[in-house]
1. Using the count of nearby Cβ atoms within 10 Å as a rough guide to exposure, how do L166, L134, L298 rank from fewest to most?
2. Mind giving me the FRET efficiency for E302 and T82? R0 is 30 Å, r the Cβ-Cβ distance, nearest 0.05 is fine.
3. When only DSSP loop residues count, what GluC sites (Glu not before Pro) in region 111-188 have their Cβ near at most 10 other Cβ atoms within 10 Å?
4. On a full-extension model of 0.36 nm per residue, what is the gain between D236 and N153, subtracting their alpha-carbon distance, rounded to one decimal in nm?
5. Take the alpha carbon atoms of region 101-160, find their center, do the same for region 173-199, and report the distance between the two centers in whole angstrom.
6. In terms of the Cα gyration tensor, with a ≥ b ≥ c the square roots of its eigenvalues, is region 121-175 rounded because a/c is under 1.5, prolate because a/b exceeds b/c, or oblate?
7. How high is the FRET efficiency from Y194 to N91, r the C-beta distance, R0 45 Å, rounded to 0.05?
8. Arrange the following residues from fewest to most other Cβ atoms within 10 Å of their Cβ: C210, C149.
Amino acid sequence: MITRRDFLKVSGVAAAAAALTACGGSSSTASSGTASSAAASTAAKLDKIKVAVPNDTTNEARALTLLEKNGFFKLKADAGLTATAKDIEENPLNVTVDEVEAAQVPNVLQDEDYAVINSNYAISAGLDPINDALAMEDGTSAYVNVLVCKEGNEEEPKIKALVAALQSQQVKDFMDENYKGAVVSVVENPTDGYDSSIDYDALNGETVSCAATPAPHCEVLEICKDILAAKGITLDIQEFDDYIQPNNVVEDGQIDTNYFQHQPYLDDFNAEHGTHLVTVAGIHVEPMGIYGGKQDSLAPIEG
């Protein structure tokens with residue numbers, strides 16, 4: 001089992017930082033773009049600034065930290081990975097934080113001045129994180145997306161086969177070519193798609209199932225499907241639009257694995273729900289971004 005402390009030491013995060021920098025991502029203002037055609041740029045400070053953020057514990061804290069880094073407000077020094085809007089200590093710009101279910105944040109963007117959106121939901125909503133985000137996390141984020149199974153199943157050959165496929169050069173190349181910094185592999189030494197310790201002949205005819213959100217996770221898994229099919233293994237991809245059900249169906253044994261969440265979220269989920277889910281591999285990071293709704297730049301924040 002990979003503990004949270006051990007997982008956050010993964011050296012691949014450093015590689016992700018370099019890859020993201022090469023693709024143009026940073027935690028400072030992004031190059032250009034707008035998330036809404038209705039946005040109206042203004043250099044004047046606003047009387048009040050409305051910002052939508054995800055409402056689950058770890059993603060809200062992550063969003064608030066990104067907003068703090070970009071000058072929206074100042075958080076309490078000890079706010080940490082469980083920060084909420086109540087931890088805003090200094091708020092000279094009169095920022096109001098609207099907490100919204102993560103998948104729904106893109107849907108309220110037009111009603112907000114800004115919104116902080118997870119890259120997977122931004123991509124699903126037709127946004128381009130690299131070009132549309134006004135600011136993004138850098139690749140050193142601790143929020144690595146992981147492949148998860150129920151505790152005790154970590155050494156199952158079919159799950160190890162899926163890990164090898166996800167950590168392949170083919171998957172890394174797919175991420176680099178299709179997401180261009182919005183999704184960055186953290187795999188330091190990509191495989192050829194296979195694990196030499198596995199008896200693939202014995203897995204011929206087997207099925208491994210995986211729960212995932214549509215983009216980028218299901219798209220990435222389609223690459224893995226072809227890799228596994230070459231060895232006679234069927235990858236059954238089950239698509240979900242929320243963060244809760246994928247963990248529940250793995251916990252009760254309906255599905256073998258899931259690939260949709262980052263490590264801090266998994267830790268909080270296990271603690272809150274009493275589930276016994278463990279990380280078997282870190283795959284990628286999705287830098288969270290600040291998107292403009294009624295505003296098309298950070299000028300009201302910086303002015």
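1. Exposure proxy ranking, most exposed first: L298, L134, L166.
2. 0.60
3. E155
4. Length gained between D236 and N153: 28.1 nm.
5. A separation of 18 Å, based on Cα centres.
6. Judged from the Cα gyration tensor, region 121-175 comes out prolate (a/c at least 1.5, a/b above b/c).
7. The computed FRET efficiency comes out at 0.25.
8. Lowest to highest Cβ neighbour count: C149, C210.
Each value in this text was obtained by applying a stated rule to the coordinates, not by laboratory testing. Computed from a prediction, not measured in an experiment: that's the story for all the values here. Here Cβ is always computed from backbone atoms with ideal geometry, including for glycine, and neighbour counts include all displayed protein chains.
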